[in-house]
Every structure is written in structure tokens, then in C-alpha cells.
Amino acid sequence: MIRVPPYSNPSPDTTGRGEHSTSNRTHVRRTRTAFDADDHAHNLSEWEQRYNQFSPGKFRGCLTELWLPDLQIFFETANQALHQSCAAWANAFWFGLPHPGCAPSRIDARTIAGNTILYRPGKQQFELHTPEHYGIFGIVIGKTLLEAHLAQVEGVDPSSLASLARGGALPLSGEEYGRLIAMLEQTLADTSADSSLATSRGEGIRRAILAHLGDALNTGIHKEIRTGAPQLQRSRELVERAREIVLACPGHPVSIAYLCEQLRVSRRSLQYAFRDATGIAPLRYLRTLKLNQARRHLHYATNPAEHVTRIATTWGFDHLGQFSQDYRKLFGELPSTTLRLATN
């Protein structure tokens, strides 16, 4: 189990939520704690993200990130199961390394095997379904920097780099994977929280990251696993279409019959698609999605005259008592508490 750090008062976020260029963040390390899934998503700078909570209880997540020129390194943990929609910054590649102590997760509907590096190009959206007490390391490297290192230092044929733009996964040996994890842990632990780094030290860290990752890619690039198998891709697309229908008509009651009619698929096809892509039954998944949407409206409310009943009915929860009960079970607090904290 990954242990999420205990409560701490987050430092003011002076870097904003992705509105600045990456050049403004170089040689800086910071740690942030969040108590809402969406706040946790926004704490990762320069990414476009949205997180939905899928396990019951109070949320707590922690992020540590380090910025160097054309390089972002981070480790994030969350104590609750999440559905994450993610996209890294432009002209870069993301590499994700789930912590070896975590339960299995999914990327774009495919279950992630152990000792596997995940990768996606910047600005390409991907989805992660992560279990409770999950931690993942991330490395984001500027495209020009990575390609130059692989071609000039590792001797990788440039034509082999085209596979990185498609996205996929690279299986490594336990020893190789362990070395990468240990190096990332050491890098993030050796720099003091919310601090600036000396340029010389930052350059040393950057060279070490490129060397370790470059070696792993050079070894594994011919063993890559594409994460978009046709059947899984169809399942993922069907789930996405179902989500779009529900979010487009938030007040409409969700039923299997209604979804099958709108999607023109059988009940069995719909159930299999959700099972394969999310591991969750359709109605439970979509109801949880709507509860998360209601929480967003409550959490970001600014009008003191806003009312729980209006937000609940907007998202199709006509029985306020049942809504409050389900909301409290999922998020560990009453909807009125979320609204009061937001507007106060």
C-alpha cells in the first residue's frame, strides 16, 4: 500500500494552473496536498486534467514535482480510486511508472502489467483508472531534448522514435524498472520542498534522468506493447459516448434501456464494454460520474445564495435525501458542507 502523507497545510500555489510557459518553472521543486480530487488534478502544473472519485471516503492526495529545463518529474499519490482524464504539455512525451507496491491500474481500458513504462505524446488525452492508495511517477520531457539524446547518446535509429508518438507501453525487467524507480525516489527526496535548485545541480539531475530513461527506452523500444487493442478501443469509445450522453442531458434519468436506445447497442454489449473499459457496471459508473459533477458545482460555487437542491436536481437527483446519503458515502461529507466551505 502507498501511504499518502498526513495532513499538511499546502503552501500557496504561486505557479497557477497551467497558464504559464514551462520556462517559468525551471529549477523549482514543490509539494502540494489536496483534499478534493479535482484540486489534486489541478495541482500538476501545465497538464490538462480532470479526476473523478470512484471509491467512498474523504479524499487526500499528495503531489511532489520538480521542474528543470524541458523536464518535469513528479510523484503523485491518492488514497481513493480515481478515473483520470489526462494530457501532458505540448511538444513533449510523458512516461509513467506506477509504483511497484500498488494494485493494478488501467490505461485507456488496458490493464497495466508490472514493471511497465507507459508513454504518451503531449496534448494527447489518455485515461487512467487507478485503485485506492495508488502512486505513480511521471517524467515529461521536451520532444527535441529527448529525440536528440536518444539519437546522439543512445544511438537509437530515429525511425524507431515514431512509435513514441503513437503511445504505448514498454515492459522492463524487474531489475531495470527497480533502478528507474529508485533513481526517481532519490531525485525527489534529495531536493528540499518548495525550493529553487542551483543550475549546476539541476543539470546533473537532468543528465541522470535522461541517461536512466534513455537506457530503458533503448533496451525496451523493440518490446513495446500497444495499448489500443481493437476490442478494448471499441469498448472505450462506447463508454465515452455513454458519458457524453449523460453529461449532455444531466437532468435525464439514466437507465440501461435509454442508453441502449441512444447508442443502438444491446444490453449485453453495453455491459461488456463497461466491464472491459472500466471494470464497473454501467449504471454505477454513470451515477458516480454524476455525483462527481454535482460535487464540482458545489465545490466551486461562489454565490452564497446557491442551494444544494438546485444543483442536485440539475444533475438528475430528484430525491434529495437519497442524493445526500449517496454523496456523503462517496465523499465523506454532506453536500451542504461542501457548499458551505466553498461559499465561505
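Observations on the model:
- Gln72 vs. criteria at pLDDT 95 or above, touching a strand residue (DSSP E or B) at 6+ places or on another chain (Cβ under 6 Å), assigned to a loop (DSSP other than H, G, I, E, B) and closer than 21 Å to Thr33 by Cβ: no
- Listed by position, the strands (runs of 3 or more DSSP E) enclosed by the stretch 27-69 that each have at least 2 residues that are charged (D, E, K, R), within 14 Å of the chain's Cα centre (by Cα) and surrounded by fewer than 19 Cβ atoms within 10 Å (Cβ to Cβ) are 48-53.
- Take the conditions (1) assigned to a loop (DSSP other than H, G, I, E, B); (2) more than 19 Å from Ala211 (Cβ to Cβ); Val156 misses just one of them, which is (2).
- Residues that are in contact with a Phe, Trp or Tyr (Cβ under 8 Å, 6 or more places away or on another chain) and either farther than 23 Å from Ala37 by Cβ or assigned by TED's automatic domain parsing to the domain that holds Arg234 (or both) within the stretch 96-113 comprise just one, Pro100.
- Test: residue in the stretch 322-335 that is surrounded by fewer than 16 Cβ atoms within 10 Å (Cβ to Cβ), in contact with a helix residue (DSSP H, G or I) (Cβ under 7 Å, 6 or more places away or on another chain) and modelled with pLDDT of 95 or more: yes
- Each residue in the stretch 159-173 was checked for being assigned to a helix (DSSP H, G or I) and under 26 Å from the mean Cα position of the chain (by Cα), and 6 pass.
- Taken together, the residues in the stretch 138-164 that are aliphatic (A, V, I, L, M), at pLDDT 85 or above and exposed (fewer than 14 other Cβ atoms within 10 Å of the Cβ) amount to 1.
- One residue stands out among those in the stretch 96-127 that are in a loop (DSSP other than H, G, I, E, B) and among the aliphatic types (A, V, I, L, M): the one that is farthest from Gly168 (Cα to Cα), which is Ala103.
- Criterion: on the phi < 0 side of the Ramachandran plot, modelled with pLDDT under 95, of a type in the set (Val, Ile, Thr) and in contact with a helix residue (DSSP H, G or I) (Cβ under 9 Å, 6 or more places away or on another chain) - qualifying residue of Thr14, Thr26, Thr64: Thr26
- Residue selected from the stretch 82-116 under the condition of a type in the set (Gly, Ala, Ser) and surrounded by 22 or more Cβ atoms within 10 Å (Cβ to Cβ), by the criterion farthest from Leu161 (Cα to Cα): Ala109
- Given (1) within 11 Å of the chain's Cα centre (by Cα); (2) buried (at least 19 other Cβ atoms within 10 Å of the Cβ), index of the condition Glu127 fails: (2)
- Pairs where the first residue, in the stretch 173-190, is acidic (Asp, Glu) and the second is exposed (fewer than 15 other Cβ atoms within 10 Å of the Cβ), C-beta under 7 Å, 6+ apart: Glu176/Thr219
- From the options Glu203, Glu185, Glu240, Glu176, residue that is farther than 22 Å from Val140 by Cα, modelled with pLDDT of 80 or more and not in a loop (DSSP other than H, G, I, E, B): Glu240
- Residue within the stretch 269-283 that is over 23 Å from Asp108 (Cβ atoms), assigned to a loop (DSSP other than H, G, I, E, B) and not β-branched (Val, Ile, Thr) present: no
The values are calculated or read from the model by the stated rules, or taken from the named source; none is laboratory data. Note that the structure is predicted; figures quoted are calculated from it, not measured. We place every Cβ from the backbone using ideal geometry, glycine too, and count neighbours over all the protein chains shown.
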